[in-house]
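Just below is one structure, and these are the notes that go with it.
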Amino acid sequence: MAASSPETAPHEVLPQWYSAPEQRSEFVNELFDKTARHYDWVCKAMAFGTGQLHRRRTLAWGGFKPGMKLLDLATGTGLVAQAALDLGAKPGDVIGLDPSMGMLGENRRRRPLALVRAGGEAIPFAANSFDFVTMGYALRHVTNLVELFTGIARVLRPGGKLLVMEISKPRSKIGTALCRLYLRRIVPFVGRIATGDKETARLMQYYWDTIEACVPAEVILAAMGQAGLTGVRRRLTGGILSDYAASR
């Protein structure tokens, strides 16, 4: 794997969580392993119960249609994969990939999909294997944006599409302050009370820290283009939800 740099990493090292770039993946995987059983609850609370509706609408915006062979990177508990199934995808046409055993275990209990343990920067599939690749709210957890997008371009068939859903820091100081209060304070507090699990609170605090430190959208779009993807574009919803789309 290529070494990460300020130009390719989605955000700088966060010393309050880990001390070096090479420690990021292990830290993130362990955190998601510990919080997998409560992850869906956290997502519902964070989005006021509208997350799946947004995922379905965004998949349609990105050009997903039933019959496409779909690879869901960082599939987690399978929320994006489920949105594709809700739109008419057949389970046999959807493959989920994630490095966290805990998340894959929760996913496996919910739906009959093929699931593979691997990271998005080392996709274990042949070239030209998929019509559509998705990544839902996990771009901030990889180590190298160009390497990620280059691997995605490799496994996409000619004309295949990529869709990345993300959360971005609001542009205004007031918006940022409100989001920081909600995601780093309120949701962790409520989550710890509701689940009795302090790791859930840590997950949301880390989640916000990566959002606040993430590179701007222009850097992400440039990395997609550098990887050879075309038609690169971004849609912003509600000042915080960023959806990135591209084709091979």
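No lab work stands behind these numbers, since they all come straight from the coordinates. These numbers come from a predicted model, not from an experiment. Every residue, glycine among them, receives a Cβ derived from its backbone with ideal geometry; neighbour counts consider all protein chains shown.
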Highest-fluctuation residue, Leu73, Leu97, Leu181 considered, GNM on the chain with Cα pairs under 10 Å: Leu181
Charge dipole (debye, nearest 20) of the chain; +1 at Cβ of Lys and Arg, -1 at Cβ of Asp and Glu: 840
Value at 222 nm in deg cm²/dmol, rounded to 500, when DSSP H runs of n ≥ 4 in the chain each add -39,500 (n - 2.57): -12500 deg cm²/dmol
Chain lengthening between Arg157 and Trp41 when straightened (0.36 nm per residue, less Cα-Cα): 38.3 nm
Contour excess over end-to-end distance, with Cα ends at Leu14 and Glu30 and 0.36 nm allotted per residue: 4.2 nm
Correct option for semi-axes √(5λ) of the Cα gyration tensor in Å [calculated from the coordinates] among (i) 25, 21, 18; (ii) 30, 21, 17; (iii) 43, 22, 19: (i)
Computed E for Leu53/Arg111 - FRET, C-beta separation, R0 25 angstrom, nearest 0.05: 0.85
Mean shadow area of the range 145-248 over all directions, Cα convex hull, nm²: 7.5
Most mobile listed residue (Pro15, Pro188, Pro99) in the chain, GNM with C-alpha springs under 10 Å: Pro15
Alpha-carbon centroids, the range 208-248 and the range 26-103: separation in whole Å: 18
Residue of Tyr206, Tyr137, Tyr18 that the Gaussian network model of the chain assigns the largest fluctuation, springs spanning Cα pairs under 10 Å: Tyr18
Among Trp208, Thr8, Pro112 the positive-end extreme of the charge dipole of the chain (Cβ point charges): Pro112
J(HN,Hα) series, the range 226-238, from Karplus relation 6.51 cos²θ - 1.76 cosθ + 1.60, nearest Hz, glycine and proline x: 4, 7, x, 7, 10, x, 5, 8, 9, 10, 10, 10, x
Gain on full stretching of the segment that runs from Ala122 to Leu221 - 0.36 nm per residue minus C-alpha separation: 33.6 nm
Residues Phe48, Phe189 arranged by fewest to most Cβ contacts within 10 Å: Phe48, Phe189
Karplus 3J(HN,Hα) series, Hz, for the range 143-154 with 6.51 cos²θ - 1.76 cosθ + 1.60 (x for Gly, Pro): 9, 8, 5, 5, 4, 4, 5, 5, x, 5, 4, 5
Centre separation in Å (Cα based) which lies between the range 185-207 and the range 116-153: 28
Under Karplus coefficients 6.51, -1.76 and 1.60, residue-wise ³J(HN,Hα) of the range 53-67 in Hz, glycine/proline x: 4, 5, 4, 5, 5, 6, 4, 5, 4, x, x, 6, 9, x, x
Residues Arg140, Arg192 arranged by fewest to most Cβ contacts within 10 Å: Arg192, Arg140
Counting DSSP beta bridges with both ends in the chain, the antiparallel % (nearest 5): 40
